[in-house]
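Have a look at the structure below before the remarks.
What follows draws every value from the coordinates through simple rules; no lab data is involved. A quick note: this is a predicted structure, and the numbers were derived from the prediction, not measured. For neighbour counting, all protein chains shown are included, and Cβ atoms are generated from backbone atoms with ideal geometry for every residue, glycine included.
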Amino acid sequence: MSSIPFEEFSRVVTESGVEASLDFLEQHFRREQDFFKLFEVLKMRCRYQLGLPLIYSKQPDDLNETQQRQLEDSLLEACREIGILFFKLGKFQEGWMYLQPVGDKELNEKLIRKIEADEESIDALIDMAVSQGAAPVYGYRLLLKNYGTCNGITTFDTQANRFDAETQKKMAEELLDHIYLELIENIKYAVENAEAGSAVENSENVPVSQPEADCRLADWLQKYPDLTAGGAHHIDTTHLASLMRIARPVDNRESLLKVSELAEYGSRLHEDFRYPGNAPFEDTYHDHQLFYNALLGKDVDTAIEHFLAKTVASESGQLGPVVEETYVEFLSRLGKTTEAVEFLTEQLLGKFESLGIAPPPFELADTPESLGKLRDFYRSSDDLLGYAVCCLKAE
């Protein structure tokens, strides 16, 4: 480095003091795009504005609560600025190091989406977005696109539980869309090849039928009922079975339609490929069909009776009341909260520790009738706090 900046800085310090010196350093490191050193200057400015020594020492700062909050806010703002500057420079890993303490999910998503996902950046980008939680849904989409379904399922099972329920649901929707499209593409390919082969074999000049671009899986199943005859399948059947479990939280109509159609496809597979699931979805595709169709408003009473029967037959062993809580959660999603609270108070509360599958009682009781049932339970259980919360919620 030339001696000129040193000489200029010495002059500014002598003639103009600390604030002008910090201005000089800030401008210099911005021009040089030396953002690591710029951050140190911004830290010094934060401390200077609060009347603190410019440099941290082993002696803790003597700050009141307001000053401490001001210092923390200023430092976080400096982190935000430096993080953005690094991202604009294309150095997203360095930028993420500064943005992590800021915790601005919207900003993280916005910046990460601007990064070109090429061969050089894709691994680090997915790691930052998913493993480090910067933008999990977007990162998960990139992972599925670049590394496929198998990696997607493994990642979901090992990492999704780190995120909130809404993020998990959106990740499940990404996997659902990926598998749904993959299966349709594979079916198209198989059908076109079969029709082309049939035309050649019969020496007929018959054009191969081209399916409509927006054809749904349900349309394929209706048009070609023998798609899975003789053990044929068009996707890794272990992936399809895993999706039935992973997709349970989805709740928008389009996603429910897709997973219902996939369950129908699975139900047509040869028995060797219809792998059993865990209670209450032992018959993987049949049970999930009833579950998803009911959420779409189809055969609701039949599905309720089906899953209620499973609770009667259930033995809550080491895994706890999985079947019972799943039934309560199912009822709540169907809008039958009074029935859900009634089952909860009769079969679960006070008998088992909650597994977190069913909604919490006070969240579940969202109607006067269901809240009244819950209040009566706490009164009969001599639980004043529970009783009081019900009464106060009713006000």
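Residue exposure proxy: 261, 324, ordered by other Cβ atoms within 10 angstrom of their Cβ from fewest to most, comes out as 261, 324. Per the Kirkwood formula on distinct C-alpha pairs, the Rh of the chain is how many angstrom? When all Cα pairs of the chain are included, the Kirkwood radius is 26.3 Å. Only the Cβ atoms of Lys and Arg (+1) and of Asp and Glu (-1) were treated as charged; on that basis the dipole of the range 299-395 about its Cα centre amounts to roughly 140 debye.
Note on residue 385 and residue 49: with the Förster distance fixed at 56 Å, the Cβ-Cβ geometry gives a FRET efficiency of about 0.75.
Counted by neighbouring Cβ atoms within 10 Å, the residues 370, 354 run from fewest to most as 354, 370. Comparing 69, 80, 45 in a Gaussian network model of the chain where C-alpha atoms under 10 Å apart are linked, the largest mean-square fluctuation is found at 69. Spacing of the modelled spin labels on residue 238 and residue 109, each 7 Å from Cα toward Cβ, amounts to 3.3 nm.
Build a GNM of the chain with springs between Cα atoms under 10 Å apart, and of 266, 95, 372 the one that fluctuates most is 372. With only Cα atoms counted, the range 65-129 has Rg and Dmax values of 13.3, 48 Å.
Summing Cβ point charges (Lys, Arg +1; Asp, Glu -1) relative to the Cα centre of the chain gives a dipole of roughly 760 debye. Please enumerate, by chain and number, the lysines with C-alpha under 27 Å from the C-alpha of residue 298, excluding those fewer than 8 residues away in the same chain. Residue 298 reaches 169, 170, 223, 258, 310, 336. Taking a ≥ b ≥ c as the square roots of the eigenvalues of the alpha-carbon gyration tensor, the range 289-395 is classed oblate because a/c is 1.5 or more while a/b is no larger than b/c. Between 98, 140, 189, the residue with the greatest mean-square fluctuation in the GNM of the chain (Cα pairs under 10 Å linked by springs) is 189.
The P(r) of the range 164-298 has a tail past 27 Å containing 23 percent of all C-alpha pairs. Comparing 190, 172, 257 along the charge dipole axis of the chain, the residue lying farthest to the positive side is 172, per the Cβ-charge model. Shown here for the range 343-386: GluC sites (Glu not before Pro) in loop regions (DSSP other than H, G, I, E, B) with at most 11 other Cβ atoms within 10 Å, namely 353.
Using the crude model of +1 on Lys and Arg Cβ and -1 on Asp and Glu Cβ, and no other charge, please compute the dipole size for the range 226-286 relative to its Cα centre, in debye to 20.
The calculation lands at about 180 debye.
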